[in-house]
Every structure is written in C-alpha cells, then in structure tokens.
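Remarks on the structure that follows.
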Amino acid sequence: MRLVLALAAALLATPVLAAPVTVSSPSGVITVAVDVNGEGRPEYSVSRLGTAIISPSRLGFLLTDAPKLERNFTIAEAGRRSVDDRWEQPWGERRFVRDRHNELRVRLSEKTPPGRSIDVVFRVFDDGVGFRYEFPAALGQVNIAEEITEFAVAQPATAWWIPAFQWNREEYLYNKTRLTEVGIAQTPMTIRTDDGLHIAFHEASLVDYSGMQLQNEGNGRFRAILTPSSTGAKVSRAAPFPTPWRTMQIADRAGGLVENDLVLNLNEPNRLGDVSWVEPFKYVGVWWAMHLDKESWGPGPKHGANTANVKRYIDFAAQHGFRGVLVEGWNEGWNDDWFANGKDFSFTRSYPDFDIEELARYGRAKGVRLVGHHETAGNIAVYEPQLDAAFDLYERLGIDAVKTGYVADMGGIQATGPDGKVRFEWHEGQRMAQHHLKVVTEAAERKIAINPHEPIKDTGLRRTYPNWVAREGARGMEFNAWGQPPNPPEHEANLVFTRMLAGPMDFTPGILSLDGRNQPILSTQAKQLALYVVLYSPIQMAADLIENYQQNMRPFQFIKDVPADWSESRVLYGEIGDFVTIVRKDRRSENWYLGAVTDEESRVLEVPLSFLTPGKRYRAQIYRDGPNAHYRTNGKDIVIEERNVTAADMLTVRLAPGGGQAIRFVAAR
C-alpha cells in the first residue's frame, strides 16, 4: 500500500520567508530548522525530543571559477510534503522497508549579484535526517572546490572512526576516542553522546560526485571535505543535478542504528526492472591459500588457478551445496609488479593451465557457477576499454557474478582523463563514482552481479542497482592471515555499528582452522560461525581451505545450513566494539538464525526467544564456545548440541573471550 500526502506540493511564492523554517518527523521526534544568520549565511540545526543534537551548522559551497555560494542569502521559498511508503527489496536484511518521512524544500537566493539560487532538501524520519543540495539549470557548469556543509554536534560524545586520505584506503582498525580527538574521519563515523544517544554520519546515493569525509573543526564541529580530483575541482558537473544526501542515523541504542533503513530510503527505486536473476548465494574458492602463501596469483609452480585445483573446489561445492567457486589469478597480467601499475592485465585471456571454457562447463554440469574475478590494480585506464569483451565472455560462459578489485594505494587510481591522458585519482573521487556505476550498469546488461573490493564506499545504491550485491571497504579476513596486527576480537563488533551501516560487506568469514600465515586468528570456531549472521552480505564465502573443512565437518554444517537472504533482521543486544547479538529469519523458510559475538571479554546474555512464531515448536541447533574456549589459547573448544524451544523460552548465551555463538532454529513441521 502506498500513501503520499502532499502538505504543500508547490513552493510558496513568498519572496522572503520568516526564518527559521522548520520541519518535524512524522511522530514529532526530530525537528530540523533552517535559517540564515546576520551575514546571510545559511545554516541548519537538529533537535530530538526538544533537545539540541546538531547546533547551527553552515551550508554552502566554494567554487573554483565563481564566487562562493555561502553568504548574502535569504530563504526565498519553502515547500513541504509527507511520504508513507512500503517497498520490497529483491534481496536484503529484510524483505519489506517502510519509508515514512516529512520533507522540507528550501530555496536559498542571493540578495546581491549574481543573484543565484540553490535548493536544499531535508527528509526527516523518526530515526534520522538526510539532506542534499539541488543545483538548478540556471547555474550552468558547476565546478566545486569544497563543500561548506557542517555537522556541529551539540553534546560531548565518544566516536568510533577510521582515518581518511591514508594509503590503505578503508582498511584500518577503528579508533575509539573522544569526539574532540577525531582527525579527518571516513564515513560512516559513529558517535555516542554522553547521555547515550547514538548518531552515525554518512551519505546516500553517491552518484557522479566526490565522496565525503569529515574534518574536525574543533569543539564538536565537523566539516564535509570532499575527496580530491586530478583536475582541481573536486566535482565538475553541468546543472541541474543533486548532490548525494548527507545522512544522520539516530537511535537511543546501538542496535537501532543497524535496524535503520534511512540510507536505503534516500536512494532511488530499482532502475533495472526484473532482477530475479540476482541470486544471493554462498561460495568457496581459490583465495585463502594465496593469503597463506601456499598458492600464488601469478604463474609458476604454486599457481592456484589451475584446472585441476579449481575442479577440486567445484566438486567440493557441489557436494556441500555451494553455488559458486571464486577463482583469483586466472587471467594474464599477474606479473611481479602488477600492484605497481596493472598495465598487463587481460580480462579475457587466461593462463595456459586454466581452461575457463572447460571449467565453466564442468561447473554447470554439477550445478556450480564460477565466480569471476577482475583485479585492476587500480588501473581503470586499462580495465574500462576491456569491459565489454570481459563481460561478454562471462555472459557466454554463464558466469553471473564478478569480484572486482582496485588494489592501489590511496590516490593511485590510474584513469583516462577528458584529454586522453592518464591521470592519478582517488578511490572515492568523482571519477571513480562514474567508473563503478559504469561497471555495474554494463554488468547488468549481461545479468551479472558485481562485488567490488578496494571499492568506493557503499551509499545504498544497491536499491537502485540491485546487481551491486556487496563490496569490501573495510579490514577483512585476509588481515588475519598476515596483518600486523591481525584483527582484534573487538573488530567485528565495531564493524556492525560503523562500516556495516553503509551496506553489505564481503568479509569472507568461516576460517575454522583458526590459522593465519604463521600466526593464530584471534577468534573461536563458534565466533567464525556466528559471523555469517552478524556480518550481513547476500553473498557469503566459506573462505577456509577444503581440507580444513573436511577436518571440521560438524561445525562446518552450520556454514552449509545458514542462508544468505533474509525476510527479517533484529538486533537483540549490542554495544559498539563490545558485543552484538543479531537474529535473522530465512526468506525461504520459517527458520531463524542467531549470531552473537564478543570482544576480548567473556559475556553471559539472557536471550528471550520471543522473535520466534508463538505457538510453534523449534529445534535449536546450537554451536557454542566450550567451557575452556578462549581466543588466544583454545579457540577450537566448541560444543554442538540441540534442544527444543518455543517463543516463550529464554536461552542463556555464554560467550568466551573473543568468542561467539551461532544457533539455527528449525521450525517443526
């Protein structure tokens, strides 16, 4: 059912409106006020239940070839409307999403020459705020040097953040500091005010624009800082166009941030039409052995992408019900300095020991599909001219999902500029926003799904382009193989309330051996299982070596059983960086799944099972830390047991230090 109520469909024609202009969320929880100060500088503020959470914060732009859009403005016009809509995700954390907000559109006009105007649009939900600028056609070509957008946090707070503009892109451990100690932070940045309110700052619908980071201006005030461009202007576009939405997800409890759909709701609906061909799935692959240095990407005696080895993975996938087999290192170009330039990559020519035609045929015969791989080393000047041929090859072979990669230091993207020369760009600059959308849309024409690593940040575009199924964009499992330091036990409980607020992550869990490259993984087996529920992705890898699963078949059963698509998701407990318990309902059955993880501290949680269907009996298949489990000394101590439960029951969930628990609730027939 769809209900859209227009409170004022047309902009008011009043030349100058009395300021401030306000709009409140549907239940009156959050109120936004838009004003201009004595110098005509536009600003906004946000309050929640009558208490200020964002103090007056500036709006505007610096331009490279025109006076700034920042002073001598009046509020010329304002219009409001209300929306209450319910839409269905083709796949996702939940099947149905409610979009209920009130919108305020404000026209800001200069009082002095050149007399320009710009619109600012606010959408206010009961659990957050999104706003964006809309440039009218009259402004012609717009060359943005910087945004002046601010977020002035009104109360003292603690922040969880990773640094921006550093060499390793998004792949950093999260800092927990006072808000005043943040440097330049990537988004999402999550804070908890001293009175317990949680706010996550991010953006939605990043299209043909530069990614936003947050620069600490002091005293709780942050300013948007756009990712650089080789051309000088950080954004260059012909008007009319909108900017991405600047977002604030707001909740009393940390779990409320995870259950928040604001970022998705601020994206446009599906543009691809029928997307029934986009299938959530689980996969295995030729990957982890490379990080362990047992196999290599490049040719030679250790080359992992050889026909016999990949057939072994296809056989394993078919035997245990996995749809896909990822193969990295199959194509020409993995020379000794591939990371430095990526100039030799071919995306259609395989190495002699990899028969892609035979392997695609062999997999199809067993109900298994190859998962393609396009590593670019950040050289899109080489990749883009090959896109059509590469996707045509995959379409012909029935390879309908591709992992792309952009392994290059920040600022090391090589892209062809308008003059035909190769320039160096940043992973989240405007040029890469254009590139990623080009890849996704051209893949969609062949019914291929895309999963980029070293990507541009997730901003909810999976709603508009549902074949954009996941991405990396954080410190993943490979750091447990060779990272110094490896991911600490708190890492996943940080990701849930920070990076994961942006969208699905291809974390590649399930290392039951708990062995990295000459270093242990700081986890328990039960926690590795729980990550399939805790860290959402519509594609989930069983990342360990085949032989390690064969030696751990009992815990491996949970990885075989857990789905990758859900009809409902709830956060039962959680604190940022400490612990989290999430339950999800399988979209294709009445079964529920629970995942709980903790940091280095042990936890005992009393979990009511009221999420189960009342009156229905379930068989709880429990995978829990054993009595002597510990992430440093005894990670393989696991207890697997079953018991009958109903919605009226309570379960005691015990988590060892660095541990976790995974439960499958099978509905009785």
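What to note about this one:
- Leading residue by the ranking (nearest to residue 195 (Cα to Cα)) among those in segment 31-63 that are β-branched (Val, Ile, Thr) and open to solvent by less than 50 Å² (accessible area, probe 1.4 Å): 53
- Condition check for residue 471: over 30 Å from residue 599 (Cβ atoms) and of a type in the set (D, E, K, R): no
- Scanning segment 84-124 for residues that are within 27 Å of residue 467 (Cα to Cα), part of a strand (DSSP E or B) and open to solvent by 10 Å² or more (accessible area, probe 1.4 Å) turns up 84, 85, 86, 87, 88, 96, 98, 99, 100, 123.
- Pairing residues of segment 210-223 that are without any contact (Cβ under 8 Å) to a residue 12 or more places away in the chain and under 11 Å from residue 150 (Cβ atoms) with residues that are among the acidic types (Asp, Glu) and open to solvent by 10 Å² or more (accessible area, probe 1.4 Å), at Cβ distances under 7 Å and at least 6 apart in sequence or on separate chains, gives no pairs at all.
- Sole residue being assigned by the TED database to the domain that holds residue 238 and closer than 24 Å to residue 102 by Cβ, chosen from 58, 71: 58
- Residue 131 in contact (Cβ under 8 Å) with a residue 40 or more places away in the chain, out of contact with any Ser or Thr (no Cβ under 7 Å at 6 or more places or on another chain) and not in a strand (DSSP E or B): no
- Screening the candidates 165, 96 for the property of being more than 23 Å from residue 56 (Cα to Cα), free of Cβ contacts under 8 Å to residues at least 40 places away in the same chain and within 22 Å of the chain's Cα centre (by Cα) yields one hit, 96.
- Residue in segment 276-293 that is among the acidic types (Asp, Glu), surrounded by fewer than 17 Cβ atoms within 10 Å (Cβ to Cβ) and assigned to a loop (DSSP other than H, G, I, E, B) present: yes
- Residues that are small (Gly, Ala, Ser), out of contact with any His (no Cβ under 9 Å at 6 or more places or on another chain) and outside any strand (DSSP E or B) within segment 234-254 comprise just one, 239.
- Residues considered: 643, 632. Of these, the only one that is outside any loop (DSSP other than H, G, I, E, B) and either open to solvent by less than 50 Å² (accessible area, probe 1.4 Å) or out of contact with any Ser or Thr (no Cβ under 9 Å at 6 or more places or on another chain) (or both) is 643.
- Some residue of segment 250-268 being touching a helix residue (DSSP H, G or I) at 6+ places or on another chain (Cβ under 8 Å), surrounded by fewer than 23 Cβ atoms within 10 Å (Cβ to Cβ) and within 30 Å of residue 119 (Cβ to Cβ): yes
- Conditions (1) surrounded by 21 or more Cβ atoms within 10 Å (Cβ to Cβ); (2) at positive phi; (3) in contact with a helix residue (DSSP H, G or I) (Cβ under 8 Å, 6 or more places away or on another chain): number failed by residue 219: (1)
- Condition met for residue 598 (hydroxyl-bearing (Ser, Thr, Tyr), in contact with a strand residue (DSSP E or B) (Cβ under 7 Å, 6 or more places away or on another chain) and not assigned by the TED database to the domain that holds residue 92): yes
- Residues that are of a type in the set (D, E, K, R) and more than 28 Å from residue 219 (Cα to Cα) do not occur anywhere in segment 68-75.
- Residue 501 being open to solvent by 10 Å² or more (accessible area, probe 1.4 Å) and either over 18 Å from residue 170 (Cβ atoms) or polar (S, T, N, Q) (or both): no
- Restricting attention to segment 371-388, the residues that are out of contact with any strand residue (DSSP E or B) (no Cβ under 6 Å at 6 or more places or on another chain) and surrounded by 23 or more Cβ atoms within 10 Å (Cβ to Cβ) add up to 3.
- When each of 470, 449 is tested for being crowded, with 24+ Cβ neighbours inside 10 Å and more than 14 Å from the chain's Cα centre (by Cα), the lone residue that passes is 449.
- Restricted to segment 597-611, and to residues there that are assigned to a strand (DSSP E or B) and within 26 Å of the chain's Cα centre (by Cα), the residue that is surrounded by the most Cβ atoms within 10 Å (Cβ to Cβ) is 597.
- Positions within segment 154-174 being open to solvent by less than 30 Å² (accessible area, probe 1.4 Å) and in contact with an Asp or Glu (Cβ under 7 Å, 6 or more places away or on another chain), in sequence order: 157, 162, 169
- Residue 231 outside the structural domain of residue 588 (by the TED database), assigned to a loop (DSSP other than H, G, I, E, B), farther than 30 Å from residue 359 by Cβ and in contact with a strand residue (DSSP E or B) (Cβ under 9 Å, 6 or more places away or on another chain): yes
- From the list 229, 210, the one residue that fits, being under 25 Å from residue 411 (Cβ atoms), touching a Gly at 6+ places or on another chain (Cβ under 8 Å) and open to solvent by 10 Å² or more (accessible area, probe 1.4 Å), is 229.
- Some residue of segment 544-556 being at pLDDT 95 or above, hydroxyl-bearing (Ser, Thr, Tyr) and open to solvent by 10 Å² or more (accessible area, probe 1.4 Å): no
- The lone criterion from (1) farther than 22 Å from residue 536 by Cα; (2) in the same structural domain as residue 245 (by the TED database) left unmet by residue 262 is number (1).
The values are calculated or read from the model by the stated rules, or taken from the named source; none is laboratory data. Keep in mind the model is a prediction, meaning the values are calculated, not measured. Note that we place each Cβ from the backbone using ideal geometry, even for glycine, and neighbour counts take in every protein chain shown. Surface accessibility is based on the protein's heavy atoms, side chains included, excluding ligands, DNA and RNA. Shrake-Rupley method; radii C 1.70, N 1.55, O 1.52, S 1.80 Å.
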